[in-house]
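Since every read-out is calculated from the coordinates, none of them should be taken as a lab result. This one's a predicted model, so the numbers in the text were calculated from it and none came from an experiment. Quick reminder, even Gly has a Cβ in these numbers, built from the backbone with ideal geometry, and neighbours come from all protein chains shown.
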Amino acid sequence: MHPNGVDLRREAIENRSGTWHTMATDFTRRPSPPQAASPVAVPTSAPRDAHDWTGDMLAVARARDRASFMRIYDHFMPRLCLYLRGLGSPDAVAEELAQEALLRLWHRAAQYDPQHGAVSTWLFRIGRNLHIDRVRCEQGWVQVLDEAIPTNDEELARPFSAAEDYAEHTRLQRRIQDLPVIQARLMRMSYFEAKTHQEIADELQMPLGTVKSHLRRAFLRLQGQVRDQP
Amino acid sequence: MNPHHHLDPSTVVSYAAGALATEVAIVAATHLETCAHCRGRIEEAERIGGQLVEQQQASAAVGRLADLRASMLHRLDEPTPPAAVPAPRAAPYEDDDRLPTPLHPYFGASYRDLKWRWMAPGVHCIRAAGTKTGTLLMLKIGPGRSMPVHGHGGTELTQILRGAYHDALGHFAPGDVADLDSDVEHQPVTVPGAACICVSALDAPLRFPGWLARKLQPLFKL
C-alpha cells in the first residue's frame, strides 16, 4: 500500500467529478517538487474490474452483431475522446477521430484475434495512429509505426487462452493502480500527453536520466519483473 | 539476425505511447524491423496504453455523445471500405542493397544510391532532410577507426546496419541498437574489415570534450 494511499483516496473522493486525466493535466500546470505527494498518482477510486470484451468482439466479428458493437462503443467512445483530447486535439477533432477508430473496429472486426490482445489495446493503437497521422503530419511516421509491428507474427503469438489473457489483463490493471506516485505520473505524461523524455525532464526539472529510469522501472514493474518499494 | 543490444524499456514505453521525437522513433522502428524481442515488448507497452485509456474515468458529456452515437449507428450501414492492401514486406536485409523500410522516406531504398558527404577523415555522413526537431543522421565510418570521445546532451539512439564497432558498452553488430543515456560518454571504435554504417537519431547536439574535439565539432556540424 502506498504511504499516501489514504490521502489519495480522500482526494479521489473529493475529486470524483474530475477525471483521472484532467486531474493530471491540471496538476502539471502547477509546478511542484516531483517527489511531492500528488493527487494524480493512482486512480484510487478503484475502477470496476476490467470487463472482458472478447465475447462482444467475437459476436461483432462473426455475426456483425450491432448490440455487441454498441456496448463496446458506449464504453470506449468517451474514453477515446478523453484520450485524444488529452493529446491535444480540439473537441471536434477528438470526437471525429474516436468515431473513426470505432468504425474501423466495426469494419475490421473479422481480423480480430482474441489471443492477440485486448479490444482496448486495439483501440489504443488505432486511436494513437489516427492522432499521429492527423497532428504530426510528418512523412511516413504512421507507416513506420504500423509496419514495424506485424500483428500476426507467429513468433509473437502468445500461447494464452482468452481466460488466461483476461487474468493477465486484471493483473495489469492492479499493477497500474499500485504504481508509485512518480512512476504513475511519468507514465501518464508519456501516454496521455505524448511528452518526450526531454519534455518531461524540462517540465519537472528532473535530470533526463532520472526520467528514463522512472519509466524503465514503471514498465518492468507493470510486467511483473520488478517489485520495488514505493 | 539476432540482436543482442535492445531498446531501453523507457524507449519502448515512449514509442508505444507515440511520444518519441520523430527522429528517435524512426531509428527505433528500424531496430524493430529486425528484433522480435523488442516487438514483443512494444506490444506489452501498447497493452498498458489500452489499459490506461480504459481505466480513465470518463465523464459523460451526455448530449453530444447521444448525437455521436446516433451518427455511428447510421454509419454501421456504410459499405465496408476495402482493406488497405499491405505493402509487401520484404524481409529486411534479404536484399543486400535494400535499406530498412522505415528509412526509405528519408534516405531512399538503396545503399548504392546513398549520396555520402565527407565529414572527417574516414567518416562520411548523410543528414536526413524533412525532420523537424532533432537530427537524423546516417554515418559511414571506415574500418578500424575510432570516433572522438563524446557524450550527449540528450538522447542518442543508434542502429547498426552494416559492419560493427565496439566501445565500453560492448560489441555492436548489424541489428543491434545503442540506446544511450545522456550521462554516457563513449568512444566507438569500428572493427577492421568493413566500414560500419549506422543510423543515429539525436535530440540534442553531441558534446565532445577537449580542445581537439572543440575544433572538430564545427566540422561535424552536429
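Summary table
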quantity	calculated
About the Cα centre, charge dipole magnitude for the stretch A:169-230 (Lys/Arg +1, Asp/Glu -1 at Cβ), debye	400 debye
Average beta-carbon neighbours from other chains, 10 Å sphere, peptide A:181-187	1
B:A194-A:L220 FRET efficiency (beta carbon distance; Förster radius 35 Å; 0.05 resolution)	0.45
Per-residue ³J(HN,Hα) for the stretch B:47-53, Karplus 6.51 cos²θ - 1.76 cosθ + 1.60, θ = phi - 60°, Hz, x for Gly and Pro	5, 4, x, x, 5, 4, 5
Test item: A:216-224 mean partner chain Cβ contacts at 10 Å	4
Other protein chain Cβ atoms within 10 Å, averaged over every residue that makes up A:78-89	4
Extent along principal axes [Cα atoms of the stretch A:178-230; Å; largest to smallest]	28, 21, 15
Ordering of A:127-134, B:170-177, B:189-196 by burial proxy (mean other Cβ atoms within 10 Å per residue, highest first)	A:127-134, B:170-177, B:189-196
